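Enquirer: There's a structure below that I have some questions on.
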There are 2 protein chains.
Amino acid sequence: MNFVVIGGDAAGMSAASRAKRKQSEMKVIVLEKSQDVSYSACGMPYNIADPGRDIEELVVRRADVFREKQGIDLLTGHLVESILPAEQQVVGTTAEGTPFSFPYDKLLIASGASSVKPNVPGIDLPGVMALKSLADGRRIKQFIKENQTRRVVVVGMGYIALEMSEAFRALGLEVSMLKPNPNLLPWLERSCAEVVQEELTSCSVELMFGQSLKAVEAYEGGLRAVCNDTTIETDMVLVAMGVQPSSGIARAAGLELSVGDSIAVNKNLQTSDDHIYAAGDCADAVHVVTGAKAWVPLALRANRAGWAVADNVCGKEKELPGIVGTAVFKVFDLEVARTGLNMQEAADAGFEPAGVTIKTRSKAHAHPGNTTICVHMVGDVASGRLLGVQMVGKEGVAHRINAPAVALHTQMTVEAFGESDLAYAPPFGPTWDPLLTAANQLIKKL
Amino acid sequence: MNFVVIGGDAAGMSAASRAKRKQSEMKVIVLEKSQDVSYSACGMPYNIADPGRDIEELVVRRADVFREKQGIDLLTGHLVESILPAEQQVVGTTAEGTPFSFPYDKLLIASGASSVKPNVPGIDLPGVMALKSLADGRRIKQFIKENQTRRVVVVGMGYIALEMSEAFRALGLEVSMLKPNPNLLPWLERSCAEVVQEELTSCSVELMFGQSLKAVEAYEGGLRAVCNDTTIETDMVLVAMGVQPSSGIARAAGLELSVGDSIAVNKNLQTSDDHIYAAGDCADAVHVVTGAKAWVPLALRANRAGWAVADNVCGKEKELPGIVGTAVFKVFDLEVARTGLNMQEAADAGFEPAGVTIKTRSKAHAHPGNTTICVHMVGDVASGRLLGVQMVGKEGVAHRINAPAVALHTQMTVEAFGESDLAYAPPFGPTWDPLLTAANQLIKKL
């Protein structure tokens, strides 16, 4: 059996490794367009923040290990240009310009996502960067090292933009962030978002709302980021406006697409063609809270979906229940986390949402080092179900979000969640965990 | 209606406050034997660790606030000596020696627990301490301040003993801990317990296993802790051998007792007498994983049970589902947490347990500051259910335990738990959370 995998990142290499481990006689071919496989993409901002660290440290497993130790036919520099479902073939061109084609019995599309790139003049100038691939990371590190970089304009204010702004500040750069929308993190409850905004401001990050990038211009002193209302002189521009699924070849092959042009898959990770699977940032997933399809390109789902594809390809049927939209990021000294739906998403999904926002201490009464945790919790008036939680705080947020995440998977009510036996000790929280206090408040509205 | 509460700590004051808030016309009488109500008992070790902090900081709400602002008849120095269920009366004596009696329509026994005190010669000598009440905490702080305290012997190695050893080391004291049992934390999986033991040793805490306290003797230089095999010269002895429910008056009143002589209550917190409730460290609870009664005297349950009693007394029927045995404590730089059952408890409860222990990084690949997290997970071979989790590590343990705690409440299988959408970002964990890695390993054994 020929198992061909397009893309050698999280989902692709997880699937290839597991398939080969389960069935060593299987021919597993991975076609990766870049030269890099299996690296910690999410770790790039933290590596860039530290000029003393080599970005190659982020490589988890080198290509030759996959080839020699695991017996995977890993072909880097192989760009797949089309899938021919009728012939069960993929065709493409190598980095050297040589055409190739491979037949498959089962195909996995794990082509990931690509940075959204605004179509404005000057977007390809040196010093205009994105951060998606390891090559992008190398380029940013090298640019900062080789140039007298003092100023950076970050276009976008999503979590990559925020993580990178923190990295740039750690390097001593002046940072201006811009976006057209008037709100920081619009998915986040306003008073929680204000906490994040205060943190950014206190860390000397300039936030420019209502600004779109119209052009980048080079001049003798560096670059100019031309926006609708202003022009900012800078040394570097980081475009971090989000990502889009790399689903072009899937669309061209006639496969069904889904939310945000992600590739539609069933719970077995099969596309609309039984022989073709999709996993990772290019594919959709079921949102367990809404029951509807969602596109949430995150690393855990990619790894897990890769494994599930391998199981299915190897004949052990494996369904994945889906996601609940759990995410966390760090921005300076704050942890920001979410799971499930916010008020708007809940209303859009047909629920009758009620929400509360509370601020409590991060530790017990009178315990040294107390900080504030902000919890926003959403429930459904009709069913009493817990629908989502958002949290912001200096400590104890990142792992705390997992308790409501599990509750969402099991469709727990707010009342039942509020009665759960959570851990307490003075260094880690008040007797009533902030999540329980939020649930106790929310129950009154349900 | 007369609502009488015996005991003015977590459960008692929670019940009294909520009942009065719900029904302001209700007469709420709290009879507390000591002079202290509503303080953070769990915070005492951290306060004692810092000579610059006044122990009175731990008082959450002063008695006069309960009296004047909340209208509760809070009577301190009132020791209840017996309950007369037929007459619906409690009788006792004040600290000044005056007898009292109060009739009740509903009674709550929230008498808490008391330190286990070994019946050995010299146990009442000055310098022999326990830590249960705020008065105990004051006494310890004062003793250390007023005496040239350089050495302390801690009898017991439970979590209070460990927290206090950390406090004593913070004060620069030499600490020896002793217990008869050959194992540290026998409920904890051995390789996890070894991590704790190494931490204690590296923090210069002397651990003496196989030693029982036989006597305490005073001599001109201080105290001698006489054990079966050795005698230790010391300035202070802390007896921290655990607690027992203060259920004597309940037993004498003919109320049904339960595990460890705790007072048996139903899900409404009613004892075997319909007019009498019990809550807090004196009462039992249903263990949701086993379905059997358990006695786990912890603060969250006490507060929650107090509230539930108030609801029931006020005519709004409230059942509590029970506990899952979640607990966490800090010991030096380690966080130690558990929820649910260990292998032995699972076998004793009739399950067919399988367990795994894994060690993983606390952060993503190549992220600075990585430490090790040790996860022990237990599942049931017959049903596939998750039964329990234990964790030890320097970070990310305390709040992480709450995800499996919620999973236990909803009787999740290990497989379903392993498929849950937990948060990931490089500063907070690997892509596969340590809990998910443990679940992935455990599934293979189920």
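Enquirer: Condition first: of a type in the set (Phe, Trp, Tyr) and at the interface with chain B (Cβ under 9 Å from one of its Cβ atoms). Now tell me which residues in the range A:308-342 satisfy that.
Expert: A:PHE329
Enquirer: Can you confirm whether the range A:411-429 contains a residue that is more than 8 Å from chain B (Cβ to nearest Cβ), closer than 25 Å to B:CYS42 by Cβ, among the aliphatic types (A, V, I, L, M) and surrounded by 24 or more Cβ atoms within 10 Å (Cβ to Cβ)?
Expert: No, because not a single residue in the range A:411-429 is more than 8 Å from chain B (Cβ to nearest Cβ), closer than 25 Å to B:CYS42 by Cβ, among the aliphatic types (A, V, I, L, M) and surrounded by 24 or more Cβ atoms within 10 Å (Cβ to Cβ).
Enquirer: Do you know which residues across the range A:209-229 are at pLDDT 95 or above and farther than 21 Å from A:PHE143 by Cβ?
Expert: A:PHE209, A:GLY210, A:GLN211, A:SER212, A:LYS214, A:CYS227
Enquirer: Next question, about the same structure. Of all residues in the range A:276-317, count the ones that are in contact with a helix residue (DSSP H, G or I) (Cβ under 7 Å, 6 or more places away or on another chain) and of a type outside the set (A, V, I, L, M, F, W, C).
Expert: Residues meeting the conditions: 7.
Enquirer: Based on this model, can you work out whether A:LEU162 counts as under 24 Å from the mean Cα position of the chain (by Cα), touching a residue at least 12 places away in the same chain (Cβ under 8 Å) and not in a strand (DSSP E or B)?
Expert: For A:LEU162, the condition - under 24 Å from the mean Cα position of the chain (by Cα), touching a residue at least 12 places away in the same chain (Cβ under 8 Å) and not in a strand (DSSP E or B) - is met.
Enquirer: May I ask you to list the residues in the range A:147-170 that are polar (S, T, N, Q) and within 17 Å of A:ASN47 (Cβ to Cβ)?
Expert: Passing the criteria: A:THR149, A:SER165.
Enquirer: Do we have B:ILE144 as more than 30 Å from B:VAL205 (Cα to Cα), surrounded by 15 or more Cβ atoms within 10 Å (Cβ to Cβ), among the aliphatic types (A, V, I, L, M) and not assigned by TED's automatic domain parsing to the domain that holds B:SER14 here?
Expert: The answer is no for B:ILE144.
Enquirer: Conditions: (1) more than 13 Å from chain B (Cβ to nearest Cβ); (2) under 29 Å from B:ARG53 (Cβ atoms); (3) in contact with a Pro (Cβ under 8 Å, 6 or more places away or on another chain); (4) among the hydrophobic types (A, V, I, L, M, F, W, C). A:CYS374 meets all but one. Number of the miss?
Expert: (3)
Enquirer: In the range B:9-40, what count of residues is obtained for those that are within 30 Å of A:PHE428 (Cα to Cα) and not in a strand (DSSP E or B)?
Expert: Within the range B:9-40, residues that are within 30 Å of A:PHE428 (Cα to Cα) and not in a strand (DSSP E or B) number 18.
Enquirer: Scan the strands (runs of 3 or more DSSP E) fully inside the range A:305-410 and keep the ones with 1 or more residues being under 21 Å from the mean Cα position of the chain (by Cα) and crowded, with 24+ Cβ neighbours inside 10 Å.
Expert: Answer list for the range A:305-410: A:327-331, A:334-340, A:386-393.
Enquirer: Here is a further query. Is it the case that some residue within the range B:362-369 is more than 7 Å from every other protein chain (Cβ to nearest Cβ) and within 28 Å of B:ASP284 (Cβ to Cβ)?
Expert: no
Enquirer: Right, next: Could you grab me the full set of residues in the range B:430-446 that are more than 9 Å from chain A (Cβ to nearest Cβ) and aliphatic (A, V, I, L, M)?
Expert: Listed by number, the residues that qualify are B:ALA438, B:ALA439, B:LEU442, B:ILE443, B:LEU446.
Enquirer: Moving on to the next point. Hey, which of the strands (runs of 3 or more DSSP E) in the range B:225-290, taking only ones fully inside, have at least 3 residues that are crowded, with 21+ Cβ neighbours inside 10 Å and either in contact (Cβ under 8 Å) with a residue 24 or more places away in the chain or of a type outside the set (A, V, I, L, M) (or both)?
Expert: Hits in the range B:225-290: B:236-239, B:276-278.
Enquirer: Consider A:LEU334 against the criteria (1) touching a helix residue (DSSP H, G or I) at 6+ places or on another chain (Cβ under 8 Å); (2) of a type outside the set (Asp, Glu); (3) in the same structural domain as A:SER14 (by TED's automatic domain parsing): it satisfies all of them except one. Which criterion is unmet?
Expert: Result: A:LEU334 passes all but (3).
Enquirer: Next question, about the same structure. Does B:ARG61 fit the bill of being over 22 Å from A:ALA425 (Cβ atoms) and surrounded by fewer than 22 Cβ atoms within 10 Å (Cβ to Cβ)?
Expert: no
Enquirer: Still on this structure, please answer the following. Could you tell me whether A:PHE102 is surrounded by fewer than 18 Cβ atoms within 10 Å (Cβ to Cβ) and not acidic (Asp, Glu)?
Expert: No.
The values are calculated or read from the model by the stated rules, or taken from the named source; none is laboratory data. Just so we're clear, the structure is a prediction, and the values are computed from it rather than from any experiment. A quick note on method: Cβ atoms are made from the backbone with ideal geometry, for glycine too, and the neighbour counts reach across all protein chains shown.
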